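*Asks:* A single structure is presented below for examination.
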Amino acid sequence: MKSKEPQPKILVFSTNSISDPGIDLAGSAHMHYSTAVQVIPLPCSSGVKPSWIVHAIEQGFDGVFVAGCGGDCSFLADCTPRTSAVIKKAQDLMKENGISPKRLKMSGLCSVCADNFVAHMNNFQNELKKLAENE
């Protein structure tokens, strides 16, 4: 039986050639994760702008998840440190705007990481529910 309570909305920034296939695999395999998860594909996770993350939260998303390219990035050899720097800047900007940095998560997701993606979404939604209860 599914819960009638609204699920936290999560915006996912994913990479076209690395994490998107894993997310698509989760859908085509009919793995369950909330329909409150919305995905925006990008060429590289280091291209996410910290202001986009803050904007998403201000526009009603409860959390933002960045599916990092990791060492598989076909664009940048230093993608992981660049993406980590984006996340750090975003967390600082979130704090400046009175938003809990716990509303932002990042993890590397590969093209066959469907189970991993579903687990991340379910865990993040649970964390966001607890965060809302404590605010």
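The values are calculated or read from the model by the stated rules, or taken from the named source; none is laboratory data. Every value quoted in this text rests on a predicted model; they were computed, and no experiment measured them. When we count neighbours, we look across all protein chains shown, and the Cβ atoms used for this are built from the backbone with ideal geometry, even at glycine. These accessible areas exclude ligands, DNA and RNA; they are computed on the full protein's heavy atoms, side chains included. Shrake-Rupley method; radii C 1.70, N 1.55, O 1.52, S 1.80 Å.
*Asks:* For the stretch 6-135, what does the accessible surface come to per residue with a 1.4 Å probe? Please give it in Å². Can you show the working numbers first?
*Replies:* Values: 6630 Å² over 130 residues.
Result: 51 Å² per residue.
*Asks:* Tally up the carbon and sulfur contribution to the accessible surface of the chain as a whole percent, 1.4 Å probe, everything protein left in place.
*Replies:* Working: 3910 of 7390 Å².
The nonpolar share, carbon plus sulfur, comes to 53 percent.
*Asks:* Could you size up the charge dipole of the chain around its Cα centre, putting +1 on the beta carbon of Lys and Arg and -1 on that of Asp and Glu, and report it in debye to the nearest 20?
*Replies:* Values: 13 positive and 13 negative charges, 45 e Å.
Charge dipole of the chain: 220 debye, to the nearest 20.
*Asks:* Could I ask something else about it? Rounded if a/c is under 1.5, else prolate if a/b beats b/c, else oblate: with a ≥ b ≥ c from the C-alpha gyration tensor eigenvalues square-rooted, which is the chain?
*Replies:* Numbers: a/c = 2.19, a/b = 1.08, b/c = 2.02.
Oblate, because a/c is 1.5 or more while a/b does not exceed b/c.
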